Structure formats: structure tokens, C-alpha cells
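Just so it is clear, none of the values below were taken in a lab; they were calculated from the coordinates. Because the structure is a prediction, the values reported are computed rather than measured. Here the Cβ positions follow ideal geometry from the backbone for every residue, glycine too, while neighbour counts run over all protein chains shown.
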């Protein structure tokens, strides 16, 4: 996946926004939100790239590579990037009783024993504030503490492995 964060969806070209492999996501957290746009793709064999048998750019489709080239800082190429990790991730999709939506649960576990738990759900853009309020009420009603440090999984992983 090639992801751009933050992004203003209206500022992206129509050809990008209408692509079947492009998605816009809104990460809502207490105190704010951020939009991101991503070209999803087929999962390639990362092991071959990590072992040095294949260049990094071969992991991505032509659309993904073009999107990267448009938005990456000058002088940065896909093959210049380092592969970071591993991060062990447990994922669960569930439909909890009392919540009328599917809930995605991800637990990201880092080699030092630290972890990030993300709970998320999907909705149409015009439902975002209502769904956020419903999710907050549902989680608060089950004693889930929503006042902890809020950060994206991507930023946390980058900071962990680059530090």
C-alpha cells in the first residue's frame, strides 16, 4: 500500500479519487482527526525483497508507484526505502452485541513488549460524526478508557524502528 497522510481528498485529481484501488480513510481520535489516501494493491512477496532478491519498487503496482512519485519528497525513490519491522499484529473483525456495526480490533505488538490497540469501524462520510459518537458511547459503556495517548499505528511504528 502507498499511503499519503495527511491528505485533503478534494485536492486529489479525479482520476485518483475514482480509482477502484484508491481509498480515503478518516482516523478519528479524541481531540481531532486526520484524512489519508491510499492505493491498495496485491500483497507481494515481501520476504524476497527483505532477502535482497528483488528491488523494493517491485512490491508495488504502476498506479502505486506513480502516486508515490507524485507525492514523495524530491530525491526519494522506492528502492531507497528501508523495510522496518517486524511488528506482530493480531486482527479481529467482530459484531459486538449492542453495537450495530462491525468493529475491527487490531493489536500491534512491538519487539520491546509495548503495544497499540486500535478499535475502528467503517461508515459513509456523512455518517462520520454520528458513528463516532455512537462508538464512543458504546466503548465508554463497556469501561474502555478513551483518554489514553492517541497516535496512529503508522507513526508509532516509524518512531519505534527509526529511533
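Consider the candidate values (1) 15.9, 48; (2) 15.2, 49; (3) 17.6, 51; state which one is Rg and Dmax of the Cα atoms in Å computed from the structure displayed. Comparing each candidate, only (3) matches the computed number. Taking 0.36 nm per residue of separation and subtracting the Cα-Cα distance, full extension of the segment from residue 54 to residue 71 would add 3.8 nm.
If R0 is 25 Å, the Cβ-Cβ spacing of residue 97 and residue 152 corresponds to a FRET efficiency of close to 0.30.
Summary value for the chain: 15 percent relative contact order, contacts being C-alpha pairs under 8 angstrom separated by 6+ residues.
Multiplying the residue separation of residue 83 and residue 129 by 0.36 nm and removing their Cα-Cα distance gives an extension gain of 13.0 nm.
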